[in-house]
2 protein chains.
Amino acid sequence: MLAARWHPPSYDIRVEKVKVPQIEDPDDAVVKITLAGLCGYDLHIYRGQESITKIHVTGHEFIGEITKLGSNYGPSAVQSTTGRPNLYATLNVGDKVVAPFTVNCGECHVCRVGYTGRCPSGALFGSSKLDGGQAQYVRVPKAGGTLYNLSSPSSWSNTLTAKFDVETLLKNISDSSLLLLSDILPTGVFAATQLLAHPKMQPMLTGRAWPSSLNQSSAALDSDTGLLTPEDRILTIAIIGLGPVGICASVALLDALGQKGLPYRIVAVDLNKSRREKMNKVYDAIGIDGKSQNGEFVVQSMEEARNTVTTWTGNIGCTGVLEVVGNNSALEAAYELVRPFGVITSVGVHAPKIVPFTGQALYNKNISFDFGRCPARAMFPLAFELLVKRQDVFGQVGTESSLIDRIVNIEQASEMYRAFDQGEVGKVLFNPWK
Amino acid sequence: MLAARWHPPSYDIRVEKVKVPQIEDPDDAVVKITLAGLCGYDLHIYRGQESITKIHVTGHEFIGEITKLGSNYGPSAVQSTTGRPNLYATLNVGDKVVAPFTVNCGECHVCRVGYTGRCPSGALFGSSKLDGGQAQYVRVPKAGGTLYNLSSPSSWSNTLTAKFDVETLLKNISDSSLLLLSDILPTGVFAATQLLAHPKMQPMLTGRAWPSSLNQSSAALDSDTGLLTPEDRILTIAIIGLGPVGICASVALLDALGQKGLPYRIVAVDLNKSRREKMNKVYDAIGIDGKSQNGEFVVQSMEEARNTVTTWTGNIGCTGVLEVVGNNSALEAAYELVRPFGVITSVGVHAPKIVPFTGQALYNKNISFDFGRCPARAMFPLAFELLVKRQDVFGQVGTESSLIDRIVNIEQASEMYRAFDQGEVGKVLFNPWK
């Protein structure tokens, strides 16, 4: 088969003929790839920043069709008698599937808790540990725990908070749009969800002072410092980094705030003018049901954002910051913009560099930090709902406001990595068959 | 008056005759000190670690009686017409008061939200910015926003979640016990409250997988990965540092978990054997209503704790860690013991040293950190309730299980700082009048 493979030490992607992967473990599936995405994190590997030397198939975003299943699936392995979760009973050869960017078993303590991105049996696709999806086929370990089965929506449609006609919806949503469920859309939803769930955000969300904000039943506590004023309740949020994940996080945040009818002021920040322009186009494309009348949303450079936050909050700072870059400059910008008792949610993938903060600086601002990888499998229902609602943004390819710039043949992988690294193209999908 | 004063550069506390502080601003009060506490943070100043050079009166924990009030108080300044919060209407000369360790105005946005420890008009008592309470008198800026009025419990008893006969209670609680409300008890309650409120703890608390754990109304999401097992729900928590604040945090945590009937395994860790012994004595002194039948609580060295956490969780790690020391070794120990998607709540006061983590290490474990100072004013109701319930621990002086080691004349301040710094004495209170 054809596969894009990374070669050490850096900047070397080759499209090569390799053997089609086979079932190695009874929990495996083999998936024939329909589309595979090129993602910002792939550049960390491309540039040789991940301290690995192993030649491997790249890519952690893919959608496709199951062609083979290990012996733990199928009629001979009746799931109901094995004690395995239902997930392992719903896969069949021919099913259309989308994978989260990491493998997870779906049946250990960590998976049951919902922290699927850190399953001890997990691995990242397109890493030295596991070949990725920028190829014609991919092997998926722990497929029952990992894959979303798009051919069997009845197996997961009851996990949605809204009731859709999922079968009809799935017919109308393109593969390129569904591919966004593998990483950038759940990661964006995770960032927004995590920020808004943080206890330090609750006074603004509930209108009740800390700590009575934490406890819906302790109404009596309100009288201590009284209720918040409408002005106190305005959420001031900065989003640092407007690549595809930053845009997804922005759309997810706008949706969550709009749904709750909360007042907000958001400043979306990027160094790069073309990314700022893309963010503005996306914002313009969002339908009226995806924004709030109570909200203000501006896209700015960091220099402008400093002044904006000062104008909005008078030297106090932002209630929360989403860090969607993954380097120390972004962390420093987040620290600078956030208020005392503010929350910094970081979904950027960071390098092995010491973070640029003293314990005193973190103490003095009462900083809360949430770092890390999205548990994409667990975020699937919320990400799918946003995908459905925001087809005005996520359903497009190659328009001014689309997240997906183009779909190309995988033979162009080497050139596309180079162009993506240089900022010459936006998000690219590979079709490995034509 | 007599006052303990710090002299630069370090290790120099002198008890000196200085002028009694006067009203400087219409919002000020002058308080005659009954008792003042010596706290772990005072040692940072004592040792010259705070980069200050100004001679100043030390101490940020005190209880006393109002002797003077600025012109913004009293019959001539009718609060109801000024728009100020009620707090400014409840103070009178002669009132018994306890102060949180920082000043806060009580009427700005930050105070209304409840983040009183970071009021922009605030200051720490016993710092280069504001003379402290280890003296016969202290000036309290923004007294209406800052002081808890113990002579007027009706002004705040409606802020308690439980209904007590507060007047009777206050007659039976000693001044040395009430003094704990100025810092260490609210800080301990803050640490425990903050940890248990974190979104990453909610799967264990609610029995529902992330992210449905965040939303009580989205019952449908449960079917995705199913409900957690009883074993999944056991909270595994480490407490790093068993000085007086660590002990308060432990008692607060045990109380909160017991109240909610949650299963837990707690390992309380300290390098110092005498602090571990004290923690064990305190645990033994806690009445049956302050522990849970579902809980396990052990006090260990770090070496022992590593093995214990492995035995309990099989290489996964603790659900959460309370860091109550304030140095990089403690942060490293917290990182080592916590699980992926775990929460580290740090209330230790940190020095201006870079924290010992790479962004990659924080990303790879999906670490959440909450740093910073307790908003002691806002935590008063919850801290007062715990003080009342746990008089078996907080009501004692000089016993094996008491947090307060002894009460001495302030003229012994220099010797007590030395002995406290050397670990020869536990928590000391100063009586400045005999």
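The values are calculated or read from the model by the stated rules, or taken from the named source; none is laboratory data. From a predicted model like this one, the values you see are computed outputs, not experimental measurements. Because the Cβ atoms are built from the backbone with ideal geometry, glycine has one as well, and the counts that use them run over all protein chains shown. Side chains included, ligands, DNA and RNA excluded: accessible areas come from the protein's heavy atoms. Shrake-Rupley method; radii C 1.70, N 1.55, O 1.52, S 1.80 Å.
Numbers for the structure displayed
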item	result
Flag for B:PRO26 being open to solvent by 30 Å² or more (accessible area, probe 1.4 Å), assigned to a loop (DSSP other than H, G, I, E, B), free of Cβ contacts under 8 Å to residues at least 24 places away in the same chain and not β-branched (Val, Ile, Thr)	no
Residue in the stretch B:111-127 that is under 30 Å from B:THR319 (Cα atoms) and among the basic types (Lys, Arg) present	yes
Qualifying residue in the stretch A:70-82 (condition: open to solvent by less than 40 Å² (accessible area, probe 1.4 Å), in a strand (DSSP E or B) and either modelled with pLDDT under 95 or closer than 19 Å to A:LYS19 by Cα (or both))	no
Tally, over the stretch A:217-228, of residues that are at the interface with another protein chain (Cβ under 7 Å from one of its Cβ atoms) and at pLDDT 55 or above	2
Residue in the stretch B:249-259 that is modelled with pLDDT under 95, open to solvent by 10 Å² or more (accessible area, probe 1.4 Å), in the same structural domain as B:SER301 (by TED's automatic domain parsing) and over 18 Å from the mean Cα position of the chain (by Cα) present	yes
So B:ASP165, is it surrounded by 17 or more Cβ atoms within 10 Å (Cβ to Cβ), among the acidic types (Asp, Glu) and out of contact with any Cys (no Cβ under 9 Å at 6 or more places or on another chain)	no
Residues (at the interface with another protein chain (Cβ under 7 Å from one of its Cβ atoms) and surrounded by 24 or more Cβ atoms within 10 Å (Cβ to Cβ)) located in the stretch B:332-344	B:PHE341
Members of the stretch B:92-114 found to be within 14 Å of another protein chain (Cβ to nearest Cβ), under 20 Å from B:GLY74 (Cβ atoms) and open to solvent by 40 Å² or more (accessible area, probe 1.4 Å), listed by number	B:GLU107
Qualifying residue in the stretch A:394-409 (condition: assigned to a helix (DSSP H, G or I) and surrounded by 24 or more Cβ atoms within 10 Å (Cβ to Cβ))	yes
The stretch A:46-61, residues that are open to solvent by 70 Å² or more (accessible area, probe 1.4 Å) and closer than 21 Å to A:GLN422 by Cα	A:ARG47, A:GLN49
Test: residue in the stretch A:279-290 that is in contact with a Gly (Cβ under 8 Å, 6 or more places away or on another chain), crowded, with 21+ Cβ neighbours inside 10 Å, at pLDDT 95 or above and under 23 Å from A:CYS318 (Cα atoms)	yes
Search result, residues across the stretch B:309-321 that are over 16 Å from B:ALA252 (Cα atoms) and either within 27 Å of the chain's Cα centre (by Cα) or of a type in the set (A, V, I, L, M, F, W, C) (or both)	B:VAL309, B:TRP312, B:ILE316, B:GLY317, B:CYS318, B:THR319
Top-ranked residue in the stretch B:135-153 [being aliphatic (A, V, I, L, M) and buried (at least 24 other Cβ atoms within 10 Å of the Cβ); ranked as farthest from B:ALA36 (Cα to Cα)]	B:ALA143
Test: A:ASP42 is in the same structural domain as A:SER414 (by TED's automatic domain parsing) and either free of Cβ contacts under 8 Å to residues at least 24 places away in the same chain or not in a loop (DSSP other than H, G, I, E, B) (or both)	yes
Selection count, the stretch B:387-434, where residues are closer than 19 Å to B:LYS273 by Cα, of a type in the set (D, E, K, R) and free of Cβ contacts under 8 Å to residues at least 24 places away in the same chain	2
Matching entry among B:SER176, B:SER157 (being under 16 Å from the mean Cα position of the chain (by Cα) and buried (at least 16 other Cβ atoms within 10 Å of the Cβ))	B:SER176
Qualifying residues in the stretch B:422-432 (those that are under 23 Å from the mean Cα position of the chain (by Cα) and surrounded by 15 or more Cβ atoms within 10 Å (Cβ to Cβ)) - the one nearest to B:PHE394 (Cα to Cα)	B:LYS427
Count of the stretch B:322-344 residues which are under 19 Å from B:SER250 (Cβ atoms) and assigned to a strand (DSSP E or B)	6
Whichever residue in the stretch A:128-152 is within 13 Å of chain B (Cβ to nearest Cβ) and more than 18 Å from the chain's Cα centre (by Cα) and, among such residues, is farthest from B:ARG233 (Cα to Cα)	A:ASN149
Residue count, the stretch B:345-361 (criterion: open to solvent by 20 Å² or more (accessible area, probe 1.4 Å), in a loop (DSSP other than H, G, I, E, B) and facing chain A (nearest Cβ under 7 Å))	4
Selected residue (criterion: least open to solvent (accessible area, probe 1.4 Å)) from residues of the stretch B:308-331 that are out of contact with any strand residue (DSSP E or B) (no Cβ under 8 Å at 6 or more places or on another chain) and more than 10 Å from chain A (Cβ to nearest Cβ)	B:THR310
Count of the stretch A:362-380 residues which are more than 7 Å from chain B (Cβ to nearest Cβ), farther than 27 Å from B:CYS374 by Cα and open to solvent by 10 Å² or more (accessible area, probe 1.4 Å)	1
Tally of residues being of a type in the set (Val, Ile, Thr) and part of a helix (DSSP H, G or I) across the stretch B:270-320	7
Count - residues of the stretch A:187-216 that are assigned to a loop (DSSP other than H, G, I, E, B), surrounded by 24 or more Cβ atoms within 10 Å (Cβ to Cβ) and more than 9 Å from every other protein chain (Cβ to nearest Cβ)	0
Breaking point among (1) of a type outside the set (Asp, Glu); (2) at pLDDT 95 or above; (3) not in a helix (DSSP H, G or I), for A:LYS434	(2)
Unique match (being in contact (Cβ under 8 Å) with a residue 40 or more places away in the chain, part of a loop (DSSP other than H, G, I, E, B), in contact with a Gly (Cβ under 9 Å, 6 or more places away or on another chain) and open to solvent by less than 30 Å² (accessible area, probe 1.4 Å)) among B:GLY64, B:GLY132, B:GLY117	B:GLY132
Conditions (1) surrounded by 21 or more Cβ atoms within 10 Å (Cβ to Cβ); (2) free of Cβ contacts under 8 Å to residues at least 40 places away in the same chain; number of the one not met by A:GLY37	(2)
